[in-house]
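The values are calculated or read from the model by the stated rules, or taken from the named source; none is laboratory data. Everything numeric in this text was worked out from a predicted model, so none of it was measured. Here Cβ is always computed from backbone atoms with ideal geometry, including for glycine, and neighbour counts include all displayed protein chains.
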Amino acid sequence: MDRLNRIQVSVSSNDDMNISRRSGSNNCAMRLRRGPKCYILAATFFFFIFLIYVNDLTYITAYLNKKVPVHRHVVRWLDYKLKIDHRKPRIMITYKGRLGNHMFEYATLMGMARRHNMTPIIPEDLDVLDVFKLPTLQGGLDLLREPKSYPEEKAATYYKGVENIDRTCDAYLEGYYQSWRYFDNLREELLTKHFVLHESLKSAAKEYIRKLLEERNLEGAVLVSIHVRRGDFVRQKVKGYTAAPIPYYYRAMNYFRKKYGKVMFIICTNDLIWAETNLDEGSDVHYSHETDGSLDLAIMISCDHMIITSGSYSWWAGYLVRGEVIYYAGYPQPNTKIGNLTVKEDYYPPYWQGRW
Ligand SMILES: *[C@@H]1O[C@H](CO)[C@@H](O)[C@H](O)[C@H]1NC(C)=O
């Protein structure tokens with residue numbers, strides 16, 4: 001009994017001591033301890049308010065979407081309108097489809113603007129701006145002054161009508177315009193001045209590749225990227241979409257292995273499960289698990305050579321690589337909807353190798 005009491009007493013007296021310590025001279029220490037946290041909280045709060053104020057949520061949205069943040073290159077018509085020769089006719093194009101289609105449309109626009117000495121204008125919200133620093137004026141369709149329309153005949157067949165664009169008035173191109181013939185004379189310029197990666201994407205891709213080569217002990221290897229397009233291309237066979245079969249990949253890869261010896265393959269795909277199940281898993285093969293299509297594109301075009309399959313995203317990855325390009329000759333399937341819209345000689349540049 002006596003012991004118990006003593007213990008209780010000592011406990012309570014300890015408590016008292018703590019209380020007196022806290023409430024006494026240590027008020028200041030407490031404030032200090034809470035201080036930095038308060039400042040951090042307040043700073044974070046004001047930082048977000050600031051971000052909302054300047055309306056630049058680039059980093060937040062990029063983080064949420066697992067993308068590399070990029071600052072779009074803005075060349076607003078309004079900022080340049082006093083420096084432009086307004087007597088020159090203007091030219092714009094429709095943007096049908098997705099990123100790869102838009103790249104075709106953009107390149108065709110540049111090709112035609114150069115050919116006919118017109119001022120090209122693109123929309124401000126073009127998705128290509130998320131990947132490349134396009135130096136072209138951005139403005140709305142209302143900038144066209146009673147334009148003439150030029151609807152293409154077939155999506156992947158050279159349309160001769162572009163040779164006779166009326167140079168006395170504004171022009172509006174309508175369609176997909178998917179042929180190297182519209183812009184191949186500007187290829188060097190497209191590569192060095194137009195399809196220039198945003199710095200953040202470029203360095204992310206470079207770092208990705210550097211780490212990979214280091215991990216595999218393959219520094220100095222020739223880099224070959226492979227784009228495996230499946231998904232909708234497997235489901236829509238009736239329309240003429242074809243997905244490259246497994247042997248195509250093996251043959252194309254062996255071609256590069258034989259020719260260059262030390263090779264590193266980087267596979268980007270919209271069907272990772274199929275690719276990892278069916279394709280090579282050698283020590284010189286790596287599968288990109290990136291979910292950011294822009295970063296995948298940046299990685300592919302940072303390689304030396306390419307093996308493409310089908311679709312315009314694949315096509316453009318190949319076009320922006322400086323080395324050799326192998327494409328799947330079985331795309332598109334002849335005598336189908338897409339096959340009938342395509343003239344292969346117009347679609348694939350003559351300096352690419354078609355293989356089965
Ligand atoms: C493709 O063109 C061929 C020959 O012109 C025609 O017979 C066929 O019906 C077309 N196919 C489709 C799906 O449009």
query: Just one of the numbered conditions (1) more than 20 Å from Ile308 (Cα to Cα); (2) in contact (Cβ under 8 Å) with a residue 24 or more places away in the chain is not true of Thr242; which one?
result: (1)
- request: Search region 141-157 for residues that are within 30 Å of Gln333 (Cβ to Cβ) and pair each with any residue that is buried (at least 18 other Cβ atoms within 10 Å of the Cβ) and polar (S, T, N, Q) when their beta-carbon atoms are under 6 Å apart and the residues are at least 6 apart or on different chains.
  value: Ala155/Gln178; Ala156/Gln178; Ala156/Thr342
Filter result (under 15 Å from Gly139 (Cα atoms) and surrounded by 13 or more Cβ atoms within 10 Å (Cβ to Cβ)) within region 61-79: Arg72, His73, Val75, Trp77
message: Take residues that are modelled with pLDDT under 80 and tell me which of the helices (runs of 4 or more DSSP H) falling wholly in region 1-83 contain 2 or more.
response: 2-23, 27-54, 58-64
message: Name the single residue that is farthest from the ligand (Cβ to nearest atom) among those in region 231-263 being under 24 Å from Ser294 (Cβ atoms) and touching a helix residue (DSSP H, G or I) at 6+ places or on another chain (Cβ under 6 Å).
response: Ala243
task: Being modelled with pLDDT of 90 or more and hydroxyl-bearing (Ser, Thr, Tyr) is the filter here, so list the residues in region 242-266 that pass it.
output: Tyr248, Tyr249, Tyr250, Tyr255, Tyr260
- prompt: Just a yes or no: is a residue in region 287-297 within 16 Å of the ligand (Cβ to nearest atom), of a type in the set (D, E, K, R) and more than 25 Å from Gly220 (Cα to Cα)?
  reply: no
query: If a residue has to be in a helix (DSSP H, G or I) and either aliphatic (A, V, I, L, M) or out of contact with any Ser or Thr (no Cβ under 7 Å at 6 or more places or on another chain) (or both) to count, how many in region 84-104 make the cut?
result: 3
task: Look at Leu191 and say whether it is away from the ligand (no atom under 16 Å from the Cβ), assigned to a strand (DSSP E or B) and either of a type outside the set (S, T, N, Q) or farther than 30 Å from Asn340 by Cα (or both).
output: no
query: Among the candidates Asp304, Asp296, which residue alone is more than 22 Å from Lys259 (Cβ to Cβ) and among the acidic types (Asp, Glu)?
result: Asp296
- prompt: Out of region 208-245, which residues are of a type in the set (S, T, N, Q) and over 16 Å from Asp280 (Cβ atoms)?
  reply: Asn217, Gln236, Thr242
- request: Looking for whichever is within 16 Å of the ligand (Cβ to nearest atom) and in a helix (DSSP H, G or I) here; the options are Gly318, Gly339. Which one fits?
  value: Gly339
Enumeration of residues in region 323-336 that are buried (at least 18 other Cβ atoms within 10 Å of the Cβ) and either more than 16 Å from the ligand (Cβ to nearest atom) or free of Cβ contacts under 8 Å to residues at least 60 places away in the same chain (or both): Glu324, Val325, Ile326, Tyr327, Tyr328
